[in-house]
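A short worksheet on the structure shown next.
The values are calculated or read from the model by the stated rules, or taken from the named source; none is laboratory data. Keep in mind it's a predicted model, so treat the numbers as computed, not measured. Counting neighbours? That spans all protein chains shown, and the Cβs are built from the backbone with ideal geometry, glycine included.
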Amino acid sequence: MVSHQLWPLCFLVSDDIVTELVQKEIKDCEANNKSWVIQGFPRTKVQALSLQKMGIIPDKFVCLKVKDSASLARIKNNLIGINQSLYGPELEDLATQCLQEYNLNMKGV
């Protein structure tokens, strides 16, 4: 089991903050008659619903399929970059939980 102190590492920025930043950028682009593409958003059901509340319905959605092993390796590298003391089973468990949470969120998106 992963320590409760480590679990928040998977969620570095809240949905509210991310949504607010995305909304501001979209408004700026549209005010200047610029086209826009969002990469890496939405990542959660809450973020997807926030787009809908903003009146933004994407006309294209690209979801790249990546092997779980590749995703886990990247997640582990990111986690170690945040906390270099993570290793072994604790790192494995946390990375697996992060990937499971991501996959759950993608179903909602």
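Does Ala95 fit the bill of being modelled with pLDDT of 90 or more, surrounded by 13 or more Cβ atoms within 10 Å (Cβ to Cβ) and either in the same structural domain as Asp28 (by TED's automatic domain parsing) or on the phi < 0 side of the Ramachandran plot (or both)?
Yes, satisfied.
Among the residues of the range 48-57, are any modelled with pLDDT under 85, assigned to a loop (DSSP other than H, G, I, E, B) and in contact with a helix residue (DSSP H, G or I) (Cβ under 7 Å, 6 or more places away or on another chain)?
Yes, the range 48-57 contains at least one residue that is modelled with pLDDT under 85, assigned to a loop (DSSP other than H, G, I, E, B) and in contact with a helix residue (DSSP H, G or I) (Cβ under 7 Å, 6 or more places away or on another chain).
Tell me, please, whether a residue that is surrounded by 12 or more Cβ atoms within 10 Å (Cβ to Cβ), in contact (Cβ under 8 Å) with a residue 24 or more places away in the chain, outside any loop (DSSP other than H, G, I, E, B) and not assigned by TED's automatic domain parsing to the domain that holds Lys107 can be found in the range 72-80.
Looking through the range 72-80, none of the residues is surrounded by 12 or more Cβ atoms within 10 Å (Cβ to Cβ), in contact (Cβ under 8 Å) with a residue 24 or more places away in the chain, outside any loop (DSSP other than H, G, I, E, B) and not assigned by TED's automatic domain parsing to the domain that holds Lys107.
Got a number for residues in the range 17-47 being surrounded by 16 or more Cβ atoms within 10 Å (Cβ to Cβ), within 16 Å of Ile57 (Cβ to Cβ) and touching a helix residue (DSSP H, G or I) at 6+ places or on another chain (Cβ under 7 Å)?
4
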